[in-house]
Amino acid sequence: MTTTTPQQYVKYTFYKVDPKWRRLSEDIRAAGKREFASVLAEFESQLIIRTYSTMGMRGDTDILLWCVGSTLEAIQDLASQLARTQLGAYLDTPHSYLAMTKRSTYLDDHEHEGSESRTHIRPMDKPYFFVYPFVKTHDWYQLSFDERQRMMNEHFKVGHKYPGVKIHTSYSFGLDDQEFVLGFEASNPAEFLDLVMELRSAEQRPYTERDVPIFTCLLGPAEQVLDSLGG
């Protein structure tokens with residue numbers, strides 16, 4: 001099925017702050033956070049940007065920037081300008097994922113609310129966001145389409161049991177190391193946990209090669225997320 005809706009680029013950038021930054025004076029840290037937030041604000045006309053804290057959720061990341069836009073150049077320009085800030089000089093990027101939106105082949109026979117927006121991400125701004133890269137096994141792609149469709153239909157049925165979880169599927173084939181990046185917005189982490197547990201016993205599960213690392217992220221305005229860094 002050919003869609004006329006423009007595809008979007010989707011970028012998940014995870015930052016880790018150098019502990020040396022926390023030993024700077026309070027005035028310098030405050031100015032650095034204001035500068036960083038100002039750069040993000042400047043790009044709001046070019047990109048959809050959401051900021052999340054992963055502080056206390058994982059040991060290898062502190063912040064997630066979820067960016068969605070129509071050009072790679074805008075995503076690169078944002079990254080470059082953030083790197084030039086005072087705070088940016090103290091940030092590493094332990095994880096970074098690039099993908100694009102695309103209508104799923106398996107949705108042609110499976111319409112549901114929101115499926116028309118698969119090529120256009122509309123954040124729901126739910127308080128929790130769960131992100132992970134995803135790779136299928138080679139055997140999956142050797143199955144007939146009808147067989148894959150049958151298993152995906154069962155997959156969708158499980159998803160419908162958890163309406164509070166909104167999935168954003170993006171595609172990385174040829175763009176990055178993984179095949180997909182999955183993002184799930186949720187109001188209740190327990191609902192997402194139950195969804196993932198149930199999907200572990202799905203028929204298609206043996207065809208999953210990799211779906212880690214998994215990131216639990218807490219939504220907040222840029223200033224609040226930056227304050228969560230502890231400085």
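The values are calculated or read from the model by the stated rules, or taken from the named source; none is laboratory data. Since the structure is predicted, the reported quantities are computational estimates derived from the model, not experimental observations. Here the Cβ positions follow ideal geometry from the backbone for every residue, glycine too, while neighbour counts run over all protein chains shown.
Residues in segment 27-58 that are crowded, with 18+ Cβ neighbours inside 10 Å, more than 22 Å from VAL131 (Cβ to Cβ) and of a type in the set (Lys, Arg): ARG29, LYS33.
Close Cβ contacts (under 6 Å, 6 or more residues apart or on different chains) running from residues in segment 20-36 that are in contact (Cβ under 8 Å) with a residue 40 or more places away in the chain to residues that are in a helix (DSSP H, G or I) and surrounded by 15 or more Cβ atoms within 10 Å (Cβ to Cβ) comprise TRP21/TYR90; LYS33/LEU226.
Scan segment 4-23 and give yes if some residue there is surrounded by 18 or more Cβ atoms within 10 Å (Cβ to Cβ), more than 20 Å from TYR90 (Cβ to Cβ), at pLDDT 95 or above and among the polar types (S, T, N, Q), otherwise no. Yes; the residues of segment 4-23 include at least one that is surrounded by 18 or more Cβ atoms within 10 Å (Cβ to Cβ), more than 20 Å from TYR90 (Cβ to Cβ), at pLDDT 95 or above and among the polar types (S, T, N, Q).
If a residue must be in a helix (DSSP H, G or I), within 24 Å of MET100 (Cα to Cα) and more than 17 Å from the chain's Cα centre (by Cα), how many such residues does segment 161-198 contain? It would help to see each step written out before you state the result.
Start the filter on segment 161-198 by keeping residues that are in a helix (DSSP H, G or I), which leaves 189-198.
Remaining after also requiring within 24 Å of MET100 (Cα to Cα): 192, 196.
From what's left, more than 17 Å from the chain's Cα centre (by Cα): none.
Selection size over segment 161-198: 0.
For segment 75-109, which positions are more than 23 Å from LEU175 (Cα to Cα) and assigned to a strand (DSSP E or B)?
Step one: list which residues in segment 75-109 are more than 23 Å from LEU175 (Cα to Cα), which gives 84-91, 108-109.
Passing the criteria: only LEU91.
Residues checked against (1) closer than 19 Å to LEU219 by Cβ; (2) among the hydroxyl-bearing types (Ser, Thr, Tyr); (3) assigned to a loop (DSSP other than H, G, I, E, B):
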{"residue": "TRP21", "(1), (2), (3)": "no, no, no"}
{"residue": "ALA30", "(1), (2), (3)": "no, no, no"}
{"residue": "GLU35", "(1), (2), (3)": "no, no, no"}
{"residue": "LEU40", "(1), (2), (3)": "yes, no, no"}
{"residue": "ARG50", "(1), (2), (3)": "yes, no, no"}
{"residue": "ASP60", "(1), (2), (3)": "no, no, yes"}
{"residue": "LEU64", "(1), (2), (3)": "yes, no, no"}
{"residue": "GLU73", "(1), (2), (3)": "no, no, no"}
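Put simply, of ARG205, ARG210 the only residue that is among the basic types (Lys, Arg), under 20 Å from the mean Cα position of the chain (by Cα) and over 26 Å from ILE49 (Cβ atoms) is ARG210. Inclusion of ILE63 among residues that are of a type in the set (A, V, I, L, M, F, W, C), buried (at least 17 other Cβ atoms within 10 Å of the Cβ), under 15 Å from the mean Cα position of the chain (by Cα) and over 21 Å from HIS120 (Cβ atoms) is warranted.
Can you confirm whether GLY174 is under 30 Å from THR85 (Cα atoms) and modelled with pLDDT of 95 or more? Explain how you work it out, then say what you get.
Working: under 30 Å from THR85 (Cα atoms): no; modelled with pLDDT of 95 or more: yes.
In short, no.
Every residue, every condition in (1) under 22 Å from ASP177 (Cα atoms); (2) touching a helix residue (DSSP H, G or I) at 6+ places or on another chain (Cβ under 8 Å); (3) modelled with pLDDT of 95 or more, yes or no:
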| residue | (1), (2), (3) |
| --- | --- |
| GLU73 | yes, no, yes |
| ALA79 | yes, no, yes |
| SER96 | yes, no, yes |
| ALA99 | yes, no, yes |
| LEU107 | no, yes, no |
| HIS110 | no, yes, no |
| SER115 | no, yes, no |
| ARG118 | yes, yes, no |
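The residues of segment 22-56 that are hydrophobic (A, V, I, L, M, F, W, C), within 15 Å of LYS11 (Cβ to Cβ) and out of contact with any helix residue (DSSP H, G or I) (no Cβ under 8 Å at 6 or more places or on another chain) amount to a single one, ILE48.
Can you spot a residue in segment 202-224 that is in a helix (DSSP H, G or I), touching a strand residue (DSSP E or B) at 6+ places or on another chain (Cβ under 7 Å), closer than 21 Å to SER104 by Cα and of a type outside the set (Asp, Glu)? Within segment 202-224, one or more residues are in a helix (DSSP H, G or I), touching a strand residue (DSSP E or B) at 6+ places or on another chain (Cβ under 7 Å), closer than 21 Å to SER104 by Cα and of a type outside the set (Asp, Glu).
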